[in-house]
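Data first, discussion second: the structure below is written as structure tokens.
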Amino acid sequence: MSKNEVTKWVITSAWPYVNAIPHLGNMIGSVLSSDVFARFCRLKGDEVVFVSGSDSHGTPVAVAAKQQNVPTKELAIKYHNIIKELFEKWQISYDNYTITHNPTHIDFVQKFYLDVQKNGYVFEKELETLYCENDKFFLPDRFVEGVCPHCGYENARGDQCDKCQKLLTPLELKKPRCAICGNTPVLRKTKHWYLDLPKLQDQLKNLINQNKIIPQNARQMCLNSLAEGIPERAITRDLEWGIPAPFEGADNKTIYVWFEAVLGYVSAVKEWADNIVKDEKKYDYFWKDPNTKTVFFIGKDNIIFHLIVFPGLLLAFNKDKSEGEKLTLPYNVSSTEFLMYENDKFSKSRGIGIWIDEALKIAPLDYWRFTLLYNRPETSDTSFLWSEFENNIKILNDNIGNFIHRTLTFIDKQFKGIIPKKLEYDDTDKKFIELVNSIGFEIGENISNFKLRKALRDIVNFGKEGNVYLNSKAPWHLIKKDKSAAGHVFNVCAQAVYAFGVLLSPFIPETAEKILSYLNIPTSNDLKWDTINENSIKEGQKIKKPEPLFQKLDINEIKNQLEEIKESKDKLGGKELVSYEEFKKLDIRVALIESVEKVPKADKLYKLSIALGDEKRTLVAGLAEQYKADELKGKKIVILANLEPRKLRGILSQGMLLAAVDGDIVSVLTPDKEIPSGAKIE
Ligand SMILES: [Zn+2]
Ligand SMILES: [Zn+2]
């Protein structure tokens, strides 16, 4: 790292999918790590554009929206806004955090694929896919569920089995069913557009071999995958929610979400140039300069996609373009292993783990940033442990917090808050001063090499050395006979305090700002990494009265708070709070089952004829495996009466029966006193 070298960076973190709030594992995997790196590059004086956004298309959010009966776009934007706000609270310093459902991206993707097609990397192929005759649409990816062909899991999804993690295609599922209505889909012919990745095989191999920067494990993974041969991949889907495919004859097709979200790395910079800094040249300046370094912070499961599929797309787009028109190829990826929670997997459904919204309600931001980075899963999977969290904050306070507080309090009390004069250095001084002068370079080298965990641990060690220096000089004794000798020690310590203010600012920016404000140094864009040295703080400078930087964590108290937050969510099935007004819209009533018939060719379904007072209705309910028909006949049950009628197996179901479910046990709700049918539940 030479001092005069100004580098252009496009720094990115993986795009979170829009239907879930990230957990701590997602946070450290890409988001927080990229933020440290971006903040560091800015401090170094490099030119940085740091982007990411919400991945908003594809089937998961479309399925959720259909199930909740809300427009998909509305649901996607709602979650995007929640995630965006949380990232701001975590002080992630994006220059643009956008969403793939934005006009710049949509336009960019469509033009991009027309170029790729023009360059000869797209071909068409007809194939059979699953189609739901009831919902009247093709069922891509997660719109199909069924039995996993590998492990037999009953609820495997069309793109992946959640149990054995194997990637699947809808046609591989045994006993496939529509994720919306449960019907068995049929096969229908449809045409799709494919990316000819095999044509790029050799170029991609060269690219990986030539790149001396990417980590060894990532290189090996890519070379293995290339040796196996990369398959052609369908770029289109028969799905309404997505970016309309621009190819001729591809009406009603959209671009597969994997193939467009990744282009967000490019379009987000374009959107930033056009709409945020309002200087459209900035887009070419960053993305079309071969000297720009692009770096992608991702989880280890994303390596192939970023080092093979994404560069493949760029090569296909760049073909026959002149220098200055070509998009620059990936410079590096920084991938992390996985973070576990108390040696278990994060699981929303089992309530295992901490989500980034919950974390901020129970402990200060910088405590989380510190502990996640201090244990960053750089070379192997690591686990968030409560005991370690407590201990990490103690380490932070003992080594750094106390050193800074002791130094500043002493100057405040004994020297009226004025930085005292420096004298001649003795050997003890020289040893510590040498460290002060070199620490910025050393930490910077580690961050530049994506060793963020080592960098942070070295900052803590610097704190340890500070305390060793202070204790060996014992200025609290010195001051009794020689005030200027004590003052000298605190001048030296003040230089180290400044160093902490700069060194910590990529990692724990709120704390760094506090440290610098005690020294009366504004944290503006002028703050520079290379200002750390033995003369950073001048004699005579006035400081502010400091407050302790950190508090001891009461882990039991924090865990209790988290339990309470989770319990209040659990009561609502993990969903958000419903207002009383919203609840009042639900018309829940007692109904009498008058007759029960099996639905032909459907093992699980009954057709129920019910009475709501005088009104007669038909209901389709999946109870045939749990109840015999005559067990249900004459029973009073509870139904949601104002649910939009739905056709199931050709039968119009006018309402929904309510039942308690626990695994395989299903129990219909029934009033425990004599009450007429049609009575309202409130
Ligand atoms: Zn499986
Ligand atoms: Zn269906």
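So which residues in region 217-253 are charged (D, E, K, R) and farther than 29 Å from Leu207 by Cα, if there are any at all?
Scanning region 217-253 gives Arg237, Asp238, Glu240, Glu248, Asp251, Lys253.
Can you tell me how many residues in region 138-165 are surrounded by 17 or more Cβ atoms within 10 Å (Cβ to Cβ) and of a type in the set (Phe, Trp, Tyr)?
Total meeting the criteria: 2.
Tell me which of these Thr169 doesn't satisfy, since it passes every other one: (1) closer than 27 Å to Pro246 by Cβ; (2) in contact (Cβ under 8 Å) with a residue 12 or more places away in the chain.
Result: Thr169 fails condition (2) only.
Could you list, in sequence order, the residues of region 170-181 that are touching a Gly at 6+ places or on another chain (Cβ under 7 Å) and within 13 Å of ligand 1 (Cβ to nearest atom)?
Of everything in region 170-181, those that are touching a Gly at 6+ places or on another chain (Cβ under 7 Å) and within 13 Å of ligand 1 (Cβ to nearest atom) turn out to be Leu173, Lys174.
If a residue has to be assigned to a loop (DSSP other than H, G, I, E, B) and touching a residue at least 24 places away in the same chain (Cβ under 8 Å) to count, how many in region 179-200 make the cut?
7
Helices (runs of 4 or more DSSP H) wholly in region 1-91 with at least 3 residues that are in the same structural domain as Phe305 (by TED's automatic domain parsing), within 21 Å of Ala261 (Cβ to Cβ) and within 12 Å of the chain's Cα centre (by Cα) - which ones?
32-44, 72-89
Only one of these is among the charged types (D, E, K, R), over 30 Å from Ala359 (Cα atoms) and at pLDDT 95 or above: Lys118, Lys89, Lys136. Name it.
From the options Lys118, Lys89, Lys136, the qualifying one is Lys118.
So is Arg369 surrounded by 17 or more Cβ atoms within 10 Å (Cβ to Cβ) and either in contact with a helix residue (DSSP H, G or I) (Cβ under 6 Å, 6 or more places away or on another chain) or basic (Lys, Arg) (or both) or not?
yes
Among the residues of region 109-158, count how many are in a helix (DSSP H, G or I) and not hydrophobic (A, V, I, L, M, F, W, C).
Total satisfying the criteria: 8.
Count, please, the residues in region 310-353 that happen to be among the acidic types (Asp, Glu) and in contact (Cβ under 8 Å) with a residue 40 or more places away in the chain.
3
If you take the residues of region 94-108 that are of a type outside the set (S, T, N, Q) and part of a loop (DSSP other than H, G, I, E, B), which of them is surrounded by the most Cβ atoms within 10 Å (Cβ to Cβ)?
Result: Tyr94.
If you go through region 147-168, how many residues are touching an Asp or Glu at 6+ places or on another chain (Cβ under 6 Å), more than 16 Å from ligand 2 (Cβ to nearest atom) and within 14 Å of Pro60 (Cα to Cα)?
1
Here is a check on your reading of the model: is Thr184 away from ligand 1 (no atom under 16 Å from the Cβ), farther than 30 Å from Leu223 by Cβ and crowded, with 20+ Cβ neighbours inside 10 Å?
no
Give Thr409, Thr428 a once-over and let me know the one that is surrounded by fewer than 17 Cβ atoms within 10 Å (Cβ to Cβ), free of Cβ contacts under 8 Å to residues at least 60 places away in the same chain and either assigned to a helix (DSSP H, G or I) or of a type in the set (D, E, K, R) (or both).
Only one candidate qualifies: Thr428.
Residues are listed down the side, and each one gets a yes or a no for (1) touching a helix residue (DSSP H, G or I) at 6+ places or on another chain (Cβ under 7 Å); (2) near ligand 1 (Cβ under 8 Å from one of its atoms):
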| site | (1), (2) |
| --- | --- |
| Cys132 | no, no |
| Phe138 | no, no |
| His150 | no, yes |
| Glu154 | no, no |
| Gly158 | yes, no |
| Lys166 | no, yes |
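The values are calculated or read from the model by the stated rules, or taken from the named source; none is laboratory data. If you're wondering where the values come from, they're calculated on a predicted model, not measured in any experiment. Neighbour counts are summed over all protein chains in view; Cβ atoms, including those assigned to glycine, are modelled from backbone coordinates with ideal geometry.
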